[in-house]
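Some notes on the structure that comes next.
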Amino acid sequence: MKILETEIKKILAKILKIKISKITDDLSMASYPKWDSLNHLKLIIALEGKIGVSFKEKEVTQITSYKLIKLYLKKMGLKIL
């Protein structure tokens, strides 16, 4: 399955209320105060719904940056374009 990187960024931008241009691999829960635990859950739910994947409970707690989101999606067999 394939997904455009811009689609992932749109999901983050909407939930975290951040400009798409500001979303880089450095964006993380630690670096962006609006990425709190509630928005993290919203983000996971949105990604699962939009992309059609299902993260394991352990993965949900480990996916704490944009870079890791892409890594875990790749591990699931998605090709990010």
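The requirement of being in contact with a His (Cβ under 8 Å, 6 or more places away or on another chain) and surrounded by 11 or more Cβ atoms within 10 Å (Cβ to Cβ) is satisfied by Met29.
Scanning region 6-44 for residues that are farther than 20 Å from Glu59 by Cα and not hydroxyl-bearing (Ser, Thr, Tyr) turns up Glu7, Lys10, Ala13, Lys14, Lys17, Ile18, Lys19, Ile20, Lys22, Ile23, Pro33, Lys34.
A single entry from Lys10, Lys79, Lys2 fulfils the requirement of being charged (D, E, K, R) and at pLDDT below 95: Lys2. Consider region 10-24 and keep the residues that are free of Cβ contacts under 8 Å to residues at least 24 places away in the same chain and open to solvent by 70 Å² or more (accessible area, probe 1.4 Å). The one that is nearest to Leu78 (Cα to Cα) is Lys10. Exactly one residue out of Glu48, Glu57, Glu7 is open to solvent by 70 Å² or more (accessible area, probe 1.4 Å) and of a type in the set (Asp, Glu), and it is Glu57.
Filtering region 35-52 to residues that are at pLDDT below 95 and not in a helix (DSSP H, G or I) leaves only Gly52. Checking each residue in region 46-67 for being within 19 Å of Asp25 (Cβ to Cβ) and touching a residue at least 40 places away in the same chain (Cβ under 8 Å) picks out Ile51, Ser65, Tyr66, Lys67. For region 60-81, the set of residues classified as open to solvent by less than 70 Å² (accessible area, probe 1.4 Å), in contact with a strand residue (DSSP E or B) (Cβ under 9 Å, 6 or more places away or on another chain) and not in a helix (DSSP H, G or I) consists of Thr64, Ser65, Leu78, Ile80, listed by residue number. Residues in region 3-24 that are under 20 Å from Leu81 (Cβ atoms) and part of a loop (DSSP other than H, G, I, E, B): Leu4, Ile23, Thr24. Answer yes if at least one residue in region 25-34 is touching a residue at least 60 places away in the same chain (Cβ under 8 Å) and part of a loop (DSSP other than H, G, I, E, B), and no otherwise. Scanning region 25-34 turns up no residue that is touching a residue at least 60 places away in the same chain (Cβ under 8 Å) and part of a loop (DSSP other than H, G, I, E, B).
The values are calculated or read from the model by the stated rules, or taken from the named source; none is laboratory data. Values in this document were obtained by computation on a predicted structure and should not be read as measured data. Note: ideal-geometry Cβ built from the backbone for every residue, glycine included; neighbour counts use all protein chains shown. Note: areas computed on protein heavy atoms with side chains; ligands, DNA, RNA excluded. Shrake-Rupley method; radii C 1.70, N 1.55, O 1.52, S 1.80 Å.
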